[in-house]
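A.B. asks: Structure provided below as structure tokens; questions to follow.
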Amino acid sequence: MTTERDTIEQLAELIRRSSNIVVFTGAGISTESGIPDFRSPGGVWDRMPPIYFDSFMSSAEMRKEAWRRRFAMEEMFVGAKPNAGHLAVAELARRGKVSQVITQNIDNLHQASGVPAERIVELHGNTTYATCLVCSSRYEIAPLKVCFDRDGEIPECRLCGGLVKAATISFGQPMPEAAMQRAQDATLACDLFLVAGSSLVVYPAAGFPLLAKQTGARLVILNRTSTDQDEYADLVIRSGIGATLTSVLALL
Ligand SMILES: [Zn+2]
């Protein structure tokens with residue numbers, strides 16, 4: 001029988017033998033920071049279907065609704081702090097083990113944990129700021145909320161007049177090309193691909209673990225629940241991310 005201690009030692013050994021690790025994170029790494037998994041059964045999207053990109057673009061009323069929802073979550077995002085899982089990933093990056101963190105999360109917690117921005121690939125964008133959809137100018141959330149509370153709408157981009165939207169990738173919105181390319185390059189170059197807190201159901205993001213495996217990297221899946229890709233993994237761990245990675249770090 002394999003004990004939890006054995007799996008932690010196995011992961012530590014895989015990390016020791018690796019020099020170019022990609023960590024791929026999903027909602028499961030941020031739940032310990034109080035960010036809910038929107039996609040889980042009974043989660044936010046079960047109660048309140050997401051607003052598709054086309055609706056945001058074509059309907060002023062849907063844009064208002066999207067912003068109302070975003071502002072309703074502001075305290076949660078502003079108050080969230082990196083947890084032991086984020087900090088362990090940041091420590092592995094600091095030690096030169098982790099080359100890139102590919103994340104499906106939009107909460108900015110990898111940056112907040114100290115991973116340099118150039119080592120983070122955000123596949124689904126970032127909700128802690130907004131951008132103009134035409135010229136990509138950046139806008140901060142707090143001043144947009146002041147405008148929204150006063151005028152009932154979000155001003156257009158002051159540089160080009162484009163629509164301003166939270167910098168996340170909505171359903172129906174094209175994937176960010178540069179981020180997808182960086183994620184693919186990192187996946188092809190890595191020798192260990194560590195999934196942490198993703199159920200691997202959202203494509204194209206969920207295609208990266210198998211791509212890594214097919215091109216010779218070892219694959220580890222650390223997630224509370226089973227995934228369709230467990231059978232391809234060299235090691236599957238079903239424990240909490242923070243506790244597991246903290247224990248692994250202590251062995252390195
Ligand atoms: Zn603009």
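A.B. asks: Which of the residues that make up the range 217-231 are open to solvent by 20 Å² or more (accessible area, probe 1.4 Å) and either of a type in the set (Ser, Thr, Tyr) or touching a residue at least 12 places away in the same chain (Cβ under 8 Å) (or both)?
C.D. replies: Those that are open to solvent by 20 Å² or more (accessible area, probe 1.4 Å) and either of a type in the set (Ser, Thr, Tyr) or touching a residue at least 12 places away in the same chain (Cβ under 8 Å) (or both): Arg218, Arg224, Thr225, Ser226, Asp228.
A.B. asks: Filter the range 115-131 for residues that are surrounded by fewer than 19 Cβ atoms within 10 Å (Cβ to Cβ) and within 16 Å of the ligand (Cβ to nearest atom) and give the result.
C.D. replies: Tyr129
A.B. asks: Counting only residues that are touching a Lys or Arg at 6+ places or on another chain (Cβ under 7 Å) and open to solvent by 50 Å² or more (accessible area, probe 1.4 Å), give me the helices (runs of 4 or more DSSP H) lying completely in the range 1-69 with at least 1 of them.
C.D. replies: It comes to 44-47.
A.B. asks: If you don't mind, another one. Select from the range 132-185 the residues that are open to solvent by less than 30 Å² (accessible area, probe 1.4 Å), of a type in the set (Lys, Arg) and within 10 Å of the ligand (Cβ to nearest atom) and list them in ascending order.
C.D. replies: none
A.B. asks: Please enumerate the residues belonging to the range 78-97 that are open to solvent by less than 30 Å² (accessible area, probe 1.4 Å) and within 17 Å of Ser247 (Cβ to Cβ).
C.D. replies: Asn83, Gly85, His86, Ala88, Val89, Ala90, Leu92
A.B. asks: Another one. Using beta carbons and a limit of 6 Å, which pairs, at least six apart or on different chains, have the first residue in the range 153-166 and over 11 Å from Tyr139 (Cα atoms) and the second one within 6 Å of the ligand (Cβ to nearest atom) and of a type in the set (Ser, Thr, Tyr)?
C.D. replies: Leu159/Ser137
A.B. asks: If you take the residues in the range 186-204 that are in contact (Cβ under 8 Å) with a residue 40 or more places away in the chain and over 14 Å from the mean Cα position of the chain (by Cα), which one is nearest to the ligand (Cβ to nearest atom)?
C.D. replies: Ala186
A.B. asks: Among the residues of the range 203-230, count how many are part of a loop (DSSP other than H, G, I, E, B) and either of a type in the set (Ser, Thr, Tyr) or farther than 17 Å from Val23 by Cβ (or both).
C.D. replies: Residues flagged as part of a loop (DSSP other than H, G, I, E, B) and either of a type in the set (Ser, Thr, Tyr) or farther than 17 Å from Val23 by Cβ (or both) within the range 203-230 amount to 8.
The values are calculated or read from the model by the stated rules, or taken from the named source; none is laboratory data. Keep in mind that what you see is a predicted model, and the values were worked out from it rather than measured. Glycine also receives a Cβ, built like all others from the backbone with ideal geometry; neighbour counts cover every protein chain displayed. What goes into the accessible areas is simple: the full protein's heavy atoms, side chains included, and nothing from ligands, DNA or RNA. Shrake-Rupley method; radii C 1.70, N 1.55, O 1.52, S 1.80 Å.
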